[in-house]
Amino acid sequence: METSTSNIKTYTMAEKPEGYEGAGFFATSLDKVVGLARKNSIWPLPFATSCCGIEFMATMGAHYDLARFGSERLSFSPRQADLLMVMGTIAKKMGPILRQVYEQMAEPRWVLSVGACASSGGIFDTYSVLQGIDRIIPVDVYVPGCPPRPEQIIDGVMKIQHLVETESLRRRDSAEYKAMLNKYGIE
Amino acid sequence: MEVTEQERLVAILKERYDDQVEKVETIQEFLTLTLKKENIADIIQYLYHHPETKFQFLTTLFAVHYPDLNQIAIVYQLHNLVSNQRLRLKVYLPIENPTIKTITTVFAGANWMERETYDFFGVNFEGHPDLRRILNVEDMIIFPLRKEYPLEDQTREDKSDKMFGR
């Protein structure tokens, strides 16, 4: 079979940010360079407690392959992780542990709440289950579904990537951010 | 279990603890005895050692709350692994002060079962070596499987009548 070279689209590993380009130089703002670097090297910490965790395993597998988004390196230590992925039912007894994991993460840190249980308690509206992790830690992106398909988890990660890319370098020092953390009683 | 076997079993128990047996019934071929609470540990010990009964395996131990009777029933299920006989013992306790003697003296495995029963029903097992919550959070102030407590988490806001028109 003959292949035509004219239709081949070129893909780059990362999109170049806006800037001024000339012979031998490229100038852009520091925010954009840092955002570009962070966005494409997010280290997730999987906090998987139930079926959403199984979907996450599929997401990490060869078929869906989260590595395409620069997140193949899972961090099982919160100290080196950028993104906390909470996947599954969080019992009230697990709450303080999840919170401790979040507190051990270094700034900047993001949280992705995967599935109905992590986001709202889901079908487990009962005395023993935490009704959404946003009662104890701040959440950046929620992924709906029970459990969500890997495509949805990837969509959530891409939304996180967008937040990471466009975040101001000063955001974590702002009074609003500190007030938000104080609302959760962190720091 | 054959009817004759059941009769023999009840006879063995009544030989020594006739005054303790309140009710004998067979629920779906499962012999169920309702006992008074005072000598429960001794009775289980007696059934454990008696050469004809030898109930040496505790299948389960749990509680049932009867809000209409204002009582909590403790249910013991015993198993004789040699003859494959099973036996259920029921003891009713008042809801105001559900206190009963521990059977950890007979079955060490009853330790966690009694802790679970305490955790969910608030039953006080006298003489238990370490009676504290086992599954729920330590600072929980209710006994969630008692029927006076609502099942649903009361702090949830998205299920209000306003939204569902209940």
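No value in this document is a laboratory result; all are computed from the given coordinates. Bear in mind that the values here come from a model prediction, so they are computed numbers and not experimental data. So basically every Cβ, Gly included, is an ideal-geometry build from the backbone, and we count neighbours across all protein chains shown.
Take the Cα atoms of the protein assembly as shown, find their three principal axes, and give me the spread along each one in whole Å, biggest first.
Reported extents, whole Å, longest axis first: 106, 59, 44.
Percent antiparallel among DSSP beta bridges with both residues in the protein assembly as shown, to the nearest 5?
Just about 60 percent of them are antiparallel.
What number, rounded to the nearest 500 deg cm²/dmol, is the helix-based mean residue ellipticity at 222 nm of chain B, given -39500 (n - 2.57) per DSSP H run of at least four residues and division by all its residues? Intermediate results must be reported in sequence, preceding the final value.
Values: 4 runs with 41 residues, N = 166.
Taking each H run of at least 4 residues, the total per residue is -7500 deg cm²/dmol.
Would you mind working out the magnitude of the charge dipole of the protein assembly as shown relative to its Cα centre, with +1 at each Lys and Arg C-beta and -1 at each Asp and Glu C-beta, to the nearest 20 Debye?
520 debye
Which of A:Ile54, A:Ile160, A:Ile123 ends up with the largest GNM mean-square fluctuation for chain A, with Cα atoms connected below 10 Å?
Checking each option, the largest mean-square fluctuation is seen for A:Ile123.
Rounded to the nearest 500, what is chain A's calculated 222 nm mean residue ellipticity when only DSSP H runs of at least 4 contribute -39500 (n - 2.57) each, over all residues?
That comes out to -10000 deg cm²/dmol.
Any aspartates and glutamates with Cα under 19 Å of the A:Lys178 Cα? List them, leaving off those in the same chain fewer than 8 positions away.
Hits, sequence-local ones excluded: A:Asp82, A:Glu103, A:Glu107, A:Asp134, A:Asp140, A:Glu167, A:Glu187.
Quick one: what are the phi-derived ³J(HN,Hα) couplings along segment A:148-163, Karplus 6.51/-1.76/1.60 with θ = phi - 60°, whole Hz, x for glycine and proline?
x, 6, x, 4, 5, 5, 4, 4, x, 5, 5, 5, 4, 4, 5, 4
From the phi of every residue in segment B:128-133, what ³J(HN,Hα) in whole Hz does the Karplus formula 6.51 cos²θ - 1.76 cosθ + 1.60 yield, where θ is phi - 60° and glycine or proline is x?
5, x, 7, 8, 9, 4
Starting from the Cα gyration tensor of segment B:6-58, take the square roots of the eigenvalues, sort them a ≥ b ≥ c, and report rounded, prolate or oblate (rounded when a/c is under 1.5, otherwise prolate if a/b is larger than b/c, else oblate).
Rounded, since a/c falls under 1.5.
So which lysines can B:Lys37 reach, going by Cα to Cα under 17 Å and dropping same-chain residues fewer than 8 places off?
B:Lys14, B:Lys23, B:Lys90, B:Lys101
In peptide A:125-131, what is the residue-averaged number of other protein chain Cβ atoms found within 10 Å of each Cβ?
Mean inter-chain Cβ contacts per residue within 10 Å come to 6.
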